[in-house]
Each structure stands twice: as structure tokens, then as C-alpha cells.
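Here the structure is laid out as C-alpha cells; the discussion comes afterwards.
The values are calculated or read from the model by the stated rules, or taken from the named source; none is laboratory data. Remember, predicted model here, so these are calculated numbers, not experimental data. We place every Cβ from the backbone using ideal geometry, glycine too, and count neighbours over all the protein chains shown.
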Amino acid sequence: MTSRPWFERLCGQLFTGFARLVTGARSIWQGCAPEPELRVYFANHASHGDFVLLWAALPTGMRETTRPVAGADYWRKDGIRRFIGEKVFNAVLIERNGTDRSVDPIEVMADALDAGSSLIIFPEGTRNTTDAVLLPFKSGIFRLAQRRPQVDFVPVWIDNLNRVMPKGEIIPLPLLCTLTFGTPLRLGAEEGKTEFLDRARDALLALKPMVN
Amino acid sequence: MAPEHHTLALFCGVLAVLLLATGIGQLIARRTAAGGPNAVVQNLNARINAWWVMVGVLALAFLFGKGGVVVLFGLCAFAALREFITLTPTRRGDHYALALAFFVILPVQFWLVQIEWYGLYAIFIPVYVFLLLPVIAALRGDTSRFMERIAEVQWALMICVYCLSHVPALLTLPIAGYEGRGLLLIAFLVLVVQASDVLQYVWGKLFGRHKVAPALSPSKTWEGLIGGVLSATALGAALWWVTPFAPHEAALLAFVSCLMGFFGGLVMSAIKRDRGVKDWGQSIAGHGGFLDRLDSIVFSAPVFFHLTRYFWTI
């Protein structure tokens, strides 16, 4: 993989530095080590800051080879977002709207994996602004696992970020966040869609810190 | 010894104690190395190492005088408040109130201390903020657990911001014959209260048998409490020459401060227990979070401040 221009990397450092400063983010590598293996990190999604924080939680070397997957409709809207999304975060942009998309998002993700990049995905498909702890998973994570069954899927629970920056708020609160990395899982040979989605969701929920 | 050398003498003393502690810590580590890694010894040495950093930061703040101390304790208050609110179950409706607490109320309180406006910094949070915060939360319209949420945020501000701001506020006390030496009063309070914590730990580890409050904390013992508070009181009396107090007065104030510090640790342990955590955070290696280190100071500072203000100021 060729190295990106210094300005884009510097912007990335600034974003991740700011995210770490605001959230005091602490990474707990509970189920696996921070090693540069080909992985799909999947996390709960409650805030716009989620992928920045997860990206910031990775060691610098791994950050360059790990790309967040994000909605093209949002990140292609204007020049600034396009620069931040595509250049700074090096995001894999997918078309979320099923009716008028030209390319299959699963194919785009699989291609990025084949090119040697690990991915960050949010299998709930949208930001969780409800009182529910975790929304049901969309089938995308299963279809990606079907397409690339040799890749490790690592659950990551992001705790407290929904309180740092709830939907619709502009000022972030400087609360402390933790990211807990769980044990990698792979799609079983005989495993069906519901089984896999349930297993992945349970693995993610099991990482939630027990406070009260 | 001239008064201007007191600060230097005090820091040299602290440095000597730290060197001694580091030596003993390393000795114990070497002695116990044969038995494999020992969690208690590792934690002891992590604590000692963190003390070097904390003393260094405090010394740096002292070099900058009043502004340095106000900024240092302002930052400590920020870290403490952040740890407290992180473990408090607030709701989305509290967002404005909390943003206000972190970014307006906290800086204003410490700025009031900096400009020495006693009449306002003494009542700003207990009166004005106390009345303002529920209004803001009410305007957001979320009524669930309303009373609980308001009370918890107010309490967090009182503990982490208001009480802690009384440490730099010691610099604003006009004491006859003690002009320009307020920093030493802070050094006295911080040294005595923190020494009390350390000595309680040491006495408890060496002789602790009977638990004071088994439901709250497994590490607080009567032996640790009595040994720690009495030896810290003796330290306070021995340090009378840096204060405006006579030796017996210094002992009495040290005793009250250490006792308040102990109660502070007890109260904060009760909250941690209720929230199901052992420490407030992980920022200070070996110690836990900022609040774990500051809980005793928070409870002793306002009492020490007002006792000094009532009996010694002009």
C-alpha cells in the first residue's frame, strides 16, 4: 500500500488526537492483541464520532491500513466532507440506498479487504438514537462474512460516546470513553444468517461494561 | 531560616522522602523478585513513581505562583468532574446543563478565586448554580428521574469544583504577618492530608486487622486510620514553622484535616461501591483516577479554609 500525502495524514492525526483528548479514550484489548492482521472491526453506532474514535484507538501503524466504511450519501455531499471522508479517513464509501445504487456495497468492502485493508463497520446500519442498547444487525455483516470467510470479525464495544455527543448536539462533553476489543469470530461452515447475526450481536453485547 | 527559603526546604524534604520511598520500593521488589511478579509490590512502586510526577507538577505550578496553582487545581477539577459525570447516569436532557458545568461554571469558579472575589466564589455554585441548573434541565422538558439527575449534577459540582477550588482560595486569605506566603499554606494542607493517606496505607498494610467499614472499603482499617491520622498530625505539628499557626494549632488543624480527608475517602468509596467500580479512572498509574487521589483534599480543603479564615484572618 502506498503511503498517503503528509497533509492528509496530519489531518488524520489532528482528528484522532482531538478525539482522544475529548474522550480520554482507553482501549481494552480483551479478546485479541492489536496486531496488523486482516480484520473487520464491527462496533455499536451511537454517534458520529464512533469511527473516528475507533480509528484513533488503533496503534498508528494499523490506522494506515484500516479503513472505516461509511455512507456515500453523507460523505459525498460537499467538498469538505469529501476531503475528510475520502482523504483524511481514507473511508470506503458505500451506497446505502438499495434502489438506485450502481455497485453492490458488499463487493466494494470485499475489494478493499482484498487490497489489504482492514475495515471498520457498524452492522446496525444506522446511528442508534433510541433507548435500546443495540439495534438489530442488518444482514450486511453476514454477507461480507460469506464473501470472505477467512477474515476475522472483531467485536468492539464503544462505551459512553453516545453521551459525549448525542444526536443533534453540537458541543461534545468531555466524558471518558472506553473501547473494548473482543475475541475474533468467523462464519462457521454450516452457519446460517440468523445464527451468525445473533452470535455477532451477542459477542458485541458481552463486551459492554457492567456498571449498575 | 529566612521565610523565602521555607518553600525550598519543604520541597527538599519531600524529595528526600520520595528518594527514600523509591529506594525501599526497589529493595522490596528485589527481595520479592524470586517469588514471581507480586501485584502489591508492583502497585506500590507504580504509586511511588506517580508521586514523583505529582510532586513535579505541583512544584512547577508553585513556580508560576498564584496563577499556576489556580490553573493546576482548575485542571484537576476538570479531570475530577469528568470522572464523576462519566459514572453518573445522566440523560440526553442534561446535555446543556453538563456542557455549562464543564465549560462555564468550572472556569468561572476558578476565575473568581483568581480575582479574589470571596463574596462571589463562596456562593456562586451553592446559590446561583444551584438555582440555574434545574431551570435549564426543566426547559429541556425531560422529567424522568428529574430530581435525581439535578441533585447528582449539583453534588458533582460541589465536590469536584466548589470544594477543590478552596485549595487555591487559601492564597486569598489575608493573614497578618503571613503576607505573600499563601503557597506554603497550600503546601501544608496538601502535604499533611496526602501524607495521612499514605501513612494510613502503610500502617494498614503493616498492622491492619480490624476493618472500619467492611461494606465500603476492604482496605480501611482501624489500625491504619489511627496510626495514619496520628502520625500525619505529628507531621503537621512538626511543620508549624511554614504556617501562621503555633505548633499546637498546627497539630489541631492537621488532625481535623486528616479526619475530614479520611471521611472523604469513605464517602467517595460508598459512591464507587454503588456504581460498581473500584477506581474513578485509570489516569494515574497505581492510584486510579484523579478523584481517587483528590477525595481527601476535597473534603478537607473547605474546612481547613474556613477554620483558618475565621480564626486567623484580619
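Consider region A:154-173 and keep the residues that are exposed (fewer than 14 other Cβ atoms within 10 Å of the Cβ) and not aliphatic (A, V, I, L, M). The one that is modelled with the highest pLDDT is A:Gly168. Return yes or no: is B:Asp274 under 19 Å from the mean Cα position of the chain (by Cα), within 14 Å of chain A (Cβ to nearest Cβ) and either without any contact (Cβ under 8 Å) to a residue 40 or more places away in the chain or part of a helix (DSSP H, G or I) (or both)? Criteria not met by B:Asp274.
One line per residue, one yes/no per condition, for (1) within 14 Å of chain A (Cβ to nearest Cβ); (2) without any contact (Cβ under 8 Å) to a residue 24 or more places away in the chain; (3) farther than 26 Å from B:Tyr121 by Cβ:
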{"position": "B:Ala270", "(1), (2), (3)": "no, no, yes"}
{"position": "B:Lys278", "(1), (2), (3)": "yes, yes, yes"}
{"position": "B:Gln282", "(1), (2), (3)": "yes, yes, yes"}
{"position": "B:Gly286", "(1), (2), (3)": "no, no, yes"}
{"position": "B:Gly289", "(1), (2), (3)": "yes, no, no"}
{"position": "B:Ser296", "(1), (2), (3)": "no, no, no"}
{"position": "B:Phe299", "(1), (2), (3)": "no, no, no"}
{"position": "B:Pro302", "(1), (2), (3)": "no, no, no"}
{"position": "B:Phe305", "(1), (2), (3)": "no, no, no"}
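Of all residues in region B:234-270, those satisfying the criterion of being surrounded by fewer than 19 Cβ atoms within 10 Å (Cβ to Cβ) and closer than 26 Å to B:Pro89 by Cα are B:Phe263, B:Leu266, B:Val267, B:Ala270. For the subset of region B:278-314 comprising residues that are surrounded by fewer than 19 Cβ atoms within 10 Å (Cβ to Cβ) and in a loop (DSSP other than H, G, I, E, B), which member is modelled with the highest pLDDT? Looking at the filtered set, the residue picked out is B:Asp279. Just so you know, in region A:186-212 the residues that are buried (at least 17 other Cβ atoms within 10 Å of the Cβ) and under 16 Å from the mean Cα position of the chain (by Cα) include one that is nearest to the other protein chains (Cβ to nearest Cβ), and it is A:Leu207. (1) among the hydrophobic types (A, V, I, L, M, F, W, C); (2) within 14 Å of chain B (Cβ to nearest Cβ); (3) closer than 25 Å to A:Ala91 by Cβ; (4) surrounded by 14 or more Cβ atoms within 10 Å (Cβ to Cβ): which one isn't true of A:Leu176, the others all being true? Failed condition: (3). Scanning region B:192-216 for residues that are more than 20 Å from B:Arg293 (Cα to Cα) and either small (Gly, Ala, Ser) or not assigned by TED's automatic domain parsing to the domain that holds B:Ser269 (or both) yields B:Gly208, B:Ala215.
All conditions but one from (1) in a helix (DSSP H, G or I); (2) closer than 21 Å to A:Gln150 by Cα apply to A:Tyr74; the one that does not is (2). Within region B:89-99, restricting attention to residues that are buried (at least 19 other Cβ atoms within 10 Å of the Cβ) and more than 8 Å from chain A (Cβ to nearest Cβ), the residue that is modelled with the lowest pLDDT is B:Gly93.
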